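Inspection log for the structure reproduced underneath, given as structure tokens.
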Ligand code: UD1
């Protein structure tokens with residue numbers, strides 16, 4: 001078992017370079033199943049969710065060659081599998097993208113029920129509704145999902161909830177369908193636009209990604225080869241922005257798209273931080289204690305739920321009483337118990353948490369309940385007085401590349417320790 005040992009009390013200072021977006025990469029890689037050819041994908045984050053995606057694609061018959069730690073070629077000419085390994089697919093959330101992609105490619109697939117972070121109920125009814133409206137027969141049971149379609153035919157699909165996963169999955173299934181598919185009430189996250197851009201680079205005809213109505217005009221086939229670079233990770237950039245604020249630091253965050261960070265920038269300015277926008281890099285600093293703020297998580301362009309725990313750390317040491325309302329995931333306040341162990345004053349009940357800001361946090365043994373909770377506790381450990389031992393760090397490795405190296409380069413004192 002590995003843990004991170006953090007000797008805290010550091011003000012983070014320096015430069016950090018953001019990796020490619022996890023949530024785009026875990027959709028773009030399965031999207032290559034829609035073609036019969038070789039694609040080069042760069043700016044791929046080297047994280048465990050990407051490694052497991054690659055593993056599953058290889059099990060289905062793809063040939064993957066890593067050219068550098070962040071660039072690979074994927075050859076999908078010999079895909080013959082109809083069953084994705086249930087043990088691997090049930091381990092992580094984005095395995096559901098295999099359904100949309102394989103329905104498009106061969107009209108048949110079976111995957112394990114998607115796992116991933118434990119954030120409460122994570123239904124996929126909107127994905128299934130979309131596949132069925134396109135003409136697929138979907139069966140869910142015994143820990144797996146089977147989907148089959150003789151032919152997919154474009155149609156209008158209204159999403160009852162704004163879902164990132166359902167929007168991307170329906171796009172994937174519609175690319176090679178007959179006729180036009182319209183997704184109404186679509187999600188607008190930057191990685192949706194990135195997946196649509198990738199599919200269009202491969203020859204798809206998708207319009208409107210980034211708005212709440214997306215039209216996909218089905219095409220007969222995709223091009224056989226090309227290359228694509230994954231968009232920078234909005235959430236990783238946001239994590240370093242809030243790390244700068246939480247530690248009263250000064251960080252230049254490179255390789256990011258500042259427009260994707262507007263919702264975080266607005267909150268940082270509200271609580272007294274400074275943000276300098278250089279377009280593809282952003283400098284975040286603060287030289288005083290941040291002030292209170294109220295946060296409500298919402299689909300993009302609202303404040304991202306995946307930034308909520310990191311903001312929770314900032315508010316736990318802010319001046320005044322802050323309230324966070326979590327509107328996307330019901331179990332996203334598990335990290336608050338760990339912050340309480342570090343000296344924070346937080347009351348969390350249901351979808352609301354009240355943060356009565358304290359001046360300092362103190363190092364303690366803490367456990368990451370999920371990916372973003374892990375990132376938040378890492379930041380808490382860096383700002384806290386004394387030593388923090390952070391456990392369950394496999395959650396963090398799922399979504400952050402070289403996390404401790406990046407924080408160490410900003411001055412943090414972090415060691416990865418392997419325990420029996
Ligand atoms: C994606 C992200 C995750 C992020 C989330 C919200 C990936 C791999 N993961 O997850 O990091 O926290 O977006 O920004 O991209 N819902 C339904 N029915 C469905 C689908 C979703 O009711 O069929 C609900 C969910 O319970 C949740 C909300 O819709 O309350 C948003 O979920 P969704 O956007 O689908 O999240 P994911 O795509 O799973």
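Brief remarks on what is shown
- Qualifying residue in region 307-320 (condition: closer than 25 Å to residue 160 by Cα, assigned to a loop (DSSP other than H, G, I, E, B), within 16 Å of the ligand (Cβ to nearest atom) and touching a strand residue (DSSP E or B) at 6+ places or on another chain (Cβ under 8 Å)): no
- Any chance residue 60 is under 26 Å from residue 401 (Cα atoms), at pLDDT 90 or above and within 16 Å of the ligand (Cβ to nearest atom): no
- Top-ranked residue in region 389-403 [being away from the ligand (no atom under 16 Å from the Cβ) and in a helix (DSSP H, G or I); ranked as surrounded by the most Cβ atoms within 10 Å (Cβ to Cβ)]: 403
- Flag if residue 140 is surrounded by fewer than 17 Cβ atoms within 10 Å (Cβ to Cβ), in contact (Cβ under 8 Å) with a residue 24 or more places away in the chain and either within 15 Å of the ligand (Cβ to nearest atom) or under 24 Å from the mean Cα position of the chain (by Cα) (or both): yes
- Note on region 35-51: residues that are without any contact (Cβ under 8 Å) to a residue 40 or more places away in the chain and out of contact with any helix residue (DSSP H, G or I) (no Cβ under 9 Å at 6 or more places or on another chain) total 1.
- Any hit, region 161-175, residues being near the ligand (Cβ under 10 Å from one of its atoms), over 20 Å from residue 206 (Cα atoms) and surrounded by fewer than 24 Cβ atoms within 10 Å (Cβ to Cβ): yes
- Residue among 17, 32, 53, 89 that is farther than 23 Å from residue 222 by Cα, within 20 Å of the chain's Cα centre (by Cα) and crowded, with 21+ Cβ neighbours inside 10 Å: 89
Condition check ((1) free of Cβ contacts under 8 Å to residues at least 24 places away in the same chain; (2) part of a strand (DSSP E or B)) across all residues:
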| position | (1), (2) |
| --- | --- |
| 53 | no, no |
| 58 | yes, no |
| 73 | no, yes |
| 91 | no, no |
| 105 | no, no |
| 129 | no, no |
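- Counted residues, region 251-286 - those being in a helix (DSSP H, G or I) and either under 21 Å from residue 408 (Cα atoms) or free of Cβ contacts under 8 Å to residues at least 24 places away in the same chain (or both): 4
- Checking each residue in region 361-389 for being within 22 Å of residue 18 (Cβ to Cβ) and under 21 Å from the mean Cα position of the chain (by Cα) picks out 368, 370, 371, 372, 373, 374, 375, 376, 377, 378, 379, 380.
- Filter result (away from the ligand (no atom under 16 Å from the Cβ) and buried (at least 19 other Cβ atoms within 10 Å of the Cβ)) within region 150-160: 152, 154
- Selection within region 210-250 - buried (at least 24 other Cβ atoms within 10 Å of the Cβ), part of a strand (DSSP E or B) and in contact with a helix residue (DSSP H, G or I) (Cβ under 7 Å, 6 or more places away or on another chain): 214, 216
The values are calculated or read from the model by the stated rules, or taken from the named source; none is laboratory data. Please read all numbers here as calculations on a predicted model, not as lab measurements. Positions of Cβ are backbone-derived with ideal geometry, glycine not excepted, and every protein chain shown enters the neighbour counts.
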